[in-house]
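Input: a single structure, listed below in structure tokens.
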Amino acid sequence: MLELKNVTKTFNLTGNKEDLRVALDNVSLQIESGEFVTIIGGNGSGKSTTMNILTGVIKPDKGKVLLNDVDITEMDEHQRAGYFGHVFQDPMMGTSGDMSVLENLEIAYLRGRTHSPFKWGFKSSHKKEFIKELQRFDLGLEDRLNQKVGVMSGGQRQALTLLMATIRNKPTHKMIKRDYIKFSEKKPEVARKEFDDIYLPALEEYKRQLKNLKHLPKEIRKDKKAEFYEEFDKKVRQFDLTKQILLLDEHTAALDPKTAKKVLELTDKIVKENQMTTLMITHNMKDAITYGNRLIMFHMGHIIYDVKGEEKQKLTVEDLLKKFDEADKKAEQE
Ligand SMILES: Nc1ncnc2c1ncn2[C@@H]1O[C@H](COP(=O)(O)OP(=O)(O)OP(=O)(O)O)[C@@H](O)[C@H]1O
Ligand SMILES: [Mg+2]
């Protein structure tokens, strides 16, 4: 779970007391693992500030940031990089223009790990996997692996940034277990037992399922095997503490409508496949309703509306505009 606890952030650009800007005013927010939250709100309402506080780009004046109940408020941006993928509106921000597509991907892949990418001498060990992922965007990026990113279009760069934010190396089951015991803040023997109590029966079940497949035709066996493994794997991956949280700050705003749609649909796919906890800021009310399973509305440094599930699905653009109007009127009266 990702949590903001009573977070306040005030900016003062000029040094004059009259120029204080309250970007966030005592904001608390809890986001469950696997939630896909869309975030809307007027210009300057505190949306980007919220994301920047989560990733450690800026520190709150007051309040705390918690990740899985661990206080990360004082942890700096680089230390947190392994937990968050952050995609901005500006396609120039997420990628390094002097480096090739392949080099950018490799660095992203290894981000937040103990291994330095330089140890690999930039010989990509994951080229095949990258090509497969790039092909899904249908932007021809897979044919330009060695080209410098600086010469590419905004849409191409943004697609690459999105991929970079989501391709963290998938840890093996062994690594997941080791990290869980190390980082879960539970006593090692408790954490180990908790893991094994799920893992061992799941492994037995998977083995049993495989045995039952023996008499089936080969083609069916292959599909079934993949299906069973996915089920088993999912159970183990719930222990993966390092699963990335995806933060999207108007990441399609600078793209042409067709490319924006493509990037957005792919975002949705990637999020669902990886069950990523995701926050997506958008000014497009329709997208905010269509995507995700929770919607949050910011207004002048406060969260004024927070809906989930069915209630969210039933929303219309008119409903949201009305909420904004009401909030504006209320603010005027105060
Ligand atoms: N680095 C900064 N220095 C000074 N003021 C800032 C800074 N970042 C944000 N602010 C101010 O804090 C307030 C909230 O800004 P924020 O960027 O969070 O808004 P937003 O909801 O993302 O808006 P937009 O939709 O325009 O992107 C604004 O008044 C903004 O001017
Ligand atoms: Mg913003």
Hits in region 178-197 (condition: hydroxyl-bearing (Ser, Thr, Tyr) and exposed (fewer than 13 other Cβ atoms within 10 Å of the Cβ)): none
Residue check for ILE303: modelled with pLDDT of 95 or more, within 16 Å of ligand 2 (Cβ to nearest atom), farther than 23 Å from MET164 by Cβ and buried (at least 18 other Cβ atoms within 10 Å of the Cβ): yes
Condition check for ILE40: more than 16 Å from ligand 2 (Cβ to nearest atom), of a type in the set (A, V, I, L, M, F, W, C) and in contact with a Leu (Cβ under 8 Å, 6 or more places away or on another chain): no
Residues satisfying the stated conditions in region 80-110, i.e. part of a helix (DSSP H, G or I) and farther than 28 Å from LEU67 by Cβ: MET92, VAL101, LEU102, GLU103
Yes/no for ILE58 being among the β-branched types (Val, Ile, Thr), under 20 Å from PHE11 (Cβ atoms) and at pLDDT below 95: yes
Total residues in region 52-72, condition out of contact with any Leu (no Cβ under 8 Å at 6 or more places or on another chain) and away from ligand 1 (no atom under 15 Å from the Cβ): 4
Number of the exception - LYS258 against (1) in contact (Cβ under 8 Å) with a residue 12 or more places away in the chain; (2) more than 14 Å from the chain's Cα centre (by Cα); (3) not assigned by TED's automatic domain parsing to the domain that holds ARG178: (1)
Selection count where residues are within 16 Å of ALA327 (Cβ to Cβ), over 14 Å from the mean Cα position of the chain (by Cα) and in a strand (DSSP E or B), scope region 25-51: 4
Region 230-252: number of residues that are free of Cβ contacts under 8 Å to residues at least 60 places away in the same chain and touching a helix residue (DSSP H, G or I) at 6+ places or on another chain (Cβ under 7 Å): 2
Lone unmet requirement of (1) within 16 Å of ligand 1 (Cβ to nearest atom); (2) buried (at least 21 other Cβ atoms within 10 Å of the Cβ); (3) at pLDDT below 85 for LYS17: (2)
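The values are calculated or read from the model by the stated rules, or taken from the named source; none is laboratory data. All values reported here derive from a predicted model rather than from experimental measurement. Neighbour counts run over all protein chains shown; Cβ positions are idealised from the backbone, glycine included.
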